[in-house]
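Notes follow the structure.
The values are calculated or read from the model by the stated rules, or taken from the named source; none is laboratory data. Just so it is clear, the structure is predicted and the values come from calculations on it, not from any experiment. Positions of Cβ are backbone-derived with ideal geometry, glycine not excepted, and every protein chain shown enters the neighbour counts. For accessibility, only protein heavy atoms count, side chains too; no ligands or nucleic acids. Shrake-Rupley method; radii C 1.70, N 1.55, O 1.52, S 1.80 Å.
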Amino acid sequence: MGEKKMVMITIITPAYNRATMLPKLYASLQDQTNTNFQWLVVDDGSTDDTKEVMKNIQEHSQDDFEITFVSKQNGGKHTALNYGHHYISGDYTLVVDSDDKLYPEAIEVIIEEITTTQNKDKIGWFAFLMGDENRNLLDTPYEHNHERITYVDYLNRGRKGECADVYLTKAFTAHPYPEVENEKFVSESYLNIQAALFGGYEMITINRLIKEAEYQEGGLTSLGRMLQLSSPIGNALLWRPVVNKPFSLPMRFKGNLLFTVYSLFGRKKLKQIIKKSANKTLTIISLPFSYILYFYWKRKFKQI
């Protein structure tokens, strides 16, 4: 092993029982037109051949990019991302799931956009686009290309959908995901909300494709909702700050609704929920709506 190479981008891949998928992602990394990156794979306690596959990749690699592989006990994707903080070499970090790929020019495009952006000290992440194998967009392009915007305004505008965020590593590691016992999923937007509200970071929207993924009808699927309801406390913490200004009134109502409902699924008593709320008045006023949604999801997702 020689001296550790300084790189601009770290691609972090949390993996759980993805031995068959990792070689496909690896092949897309080998095709990159710019190799100024580190590939960091965090094995989240896999029980398949993930370790053997990654060992084989490392032993036979003749690539110009660094490959780092670490393992931990199973705890969910968000805990794997937290665990990876200490192993990140790059100034910027991109999360690429094991079943995703990068387009061949992805790293080159990312570096080009970062290096040509002026006054980027408070830019917490660059928001690129995702597409399918034929480069069809998974969502509509951003309304404005190269727009500096806060994530608060991004949510206030009602924007949803798939995007590929390239984070300033300092922002990425400053806001770890909450790790709650027996819970294994927290939405990645937790980081964006925390970095915007408490780190003062902005984002830049970039209408260029970098990541290939499979299209998911409707964005957040029933499976996604089930994952959140199966890890209710962590996701309640995600929405807890989204109940006051500078969020719009509709977003505050939504944030409060989800904070309350996820807390109820987490078996929290009403008194505890109100005490924990960051906007107690709104929580109390919206209780009828919260209970309606709670019982609706309780009936819809009976297996939770």
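Convert each backbone phi in segment 13-29 into a coupling constant with the Karplus relation 6.51 cos²θ - 1.76 cosθ + 1.60 (shift: θ = phi - 60°), then list the ³J(HN,Hα) values in order as whole Hz, x for Gly and Pro.
Once rounded to whole Hz, the list reads 10, x, 9, 9, 6, 10, 4, 7, 8, 4, x, 5, 5, 4, 4, 5, 6.
Express in nm, to one decimal, how much length is gained between residue 207 and residue 87 on full extension, taking 0.36 nm for each residue of separation and deducting their alpha carbon distance.
Length difference between fully extended and current span is 40.2 nm.
If I compute solvent accessible area with a 1.4 Å probe over the protein chains, what percent of it on segment 1-55 is carbon and sulfur?
51
Could you list, in their original order, any pairs among 24/211; 160/268; 245/276; 24/160; 184/245 whose Cα atoms are separated by more than 21 Å?
160/268; 24/160; 184/245
Given Cα pairs under 8 Å that are at least 6 residues apart, what percent is the relative contact order of the chain?
Worked out over the chain, it gives 18 percent.
To the nearest 10 square angstrom, how much accessible area does residue 146 have with a 1.4 angstrom probe?
In the full protein context, residue 146 sits at about 100 Å².
Nearest 0.05, what FRET efficiency do residue 198 and residue 296 give at R0 = 45 Å with Cβ-Cβ as r?
Computed FRET efficiency for residue 198 and residue 296: 0.90.
Compute, for residue 61, the solvent-accessible surface of its heavy atoms (probe 1.4 Å) with the complete set of protein chains present, and express it in square angstrom to the nearest 10.
My reading of the accessible area for residue 61 is about 40 Å².
Using +1 at the Cβ of each Lys and Arg and -1 at the Cβ of each Asp and Glu in the chain, identify which of 247, 171, 103 lies farthest towards the dipole's positive end.
Working it through, the farthest residue towards the positive pole turns out to be 247.
Relative contact order for segment 113-186: what percent, with Cα pairs under 8 Å and sequence separation of 6 or more? Walk me through the numbers before you get to the answer.
Numbers: 44 pairs, mean separation 27.8, N = 74.
The normalised contact order for segment 113-186 reaches 38 percent.
How much length is gained on full extension from residue 170 to residue 112, taking 0.36 nm per residue of separation minus their Cα-Cα distance?
Extending this stretch completely gives an extra 18.9 nm.
Figure the gain on full extension for residue 51 and residue 97 (residue separation times 0.36 nm, minus the Cα-Cα span) and round it to one decimal in nm. Kindly include the intermediate steps, with their values, before the conclusion.
Working: separation 46, 0.36 × 46 = 16.56 nm, distance 1.64 nm.
Extending this stretch completely gives an extra 14.9 nm.
Size of the dipole of the chain about the Cα centre, Lys and Arg at +1 and Asp and Glu at -1 on the beta carbon, nothing else charged, in debye to 20?
The calculation lands at about 2520 debye.
Using label points projected 7 Å from each Cα along Cα→Cβ, tell me how many nm separate residue 139 and residue 30, to one decimal.
Using points 7 Å along Cα→Cβ, the separation is 3.2 nm.
For the chain, take the longest principal axis of its alpha carbons; what is the angle in degrees between that and the long axis of helix 249-265, to the nearest 10 within 0 to 90?
Here the helix axis deviates by roughly 90 degrees.
Just want to confirm a number: the relative contact order over segment 1-155, from Cα pairs under 8 angstrom separated by 6+ residues, in percent.
With pairs under 8 Å counted, the relative contact order is 31 percent.
Of all beta bridges DSSP finds with both residues in the chain, what is the antiparallel percent, to the nearest 5?
In the chain, DSSP labels about 35 percent of beta bridges as antiparallel.
Can you sort 72, 268 by solvent-accessible area, 1.4 Å probe, largest first?
Ranked list, largest accessible area first: 268, 72.
Could you tell me which label, among (i) 61.7; (ii) 14.3; (iii) 16.1, carries the value of mean projected area of the Cα convex hull in nm² calculated for this structure?
Correct label is (iii).
Measuring from centroid to centroid over Cα atoms, what is the spacing of segment 137-151 and segment 13-85 in Å?
Cα centres, segment 137-151 to segment 13-85: 29 Å.
How much accessible area per residue does the chain have, in Å², with a 1.4 Å probe?
Details: 15160 Å² over 304 residues.
Heavy-atom SASA per residue in the chain reads 50 Å².
Show me, for segment 49-55, the HN-Hα J-couplings you get by feeding each phi into the Karplus relation (A = 6.51, B = -1.76, C = 1.60, θ = phi - 60°), rounded to Hz, glycine and proline as x.
Here the 3J(HN,Hα) series is 9, 4, 4, 5, 4, 5, 4 Hz.
Whats the longest run of the chain with zero GluC sites (Glu not before Pro) that are DSSP loop and have at most 11 other Cβ atoms within 10 Å?
Longest gap between qualifying sites, sites excluded: 4-132.
How many percent of the accessible area of segment 74-206 is carbon or sulfur, using a 1.4 Å probe?
Carbon and sulfur: 44 percent of the exposed surface of segment 74-206.
Could you name the lysines whose alpha carbon sits less than 19 Å from that of residue 271, not counting residues in the same chain fewer than 8 places away?
280
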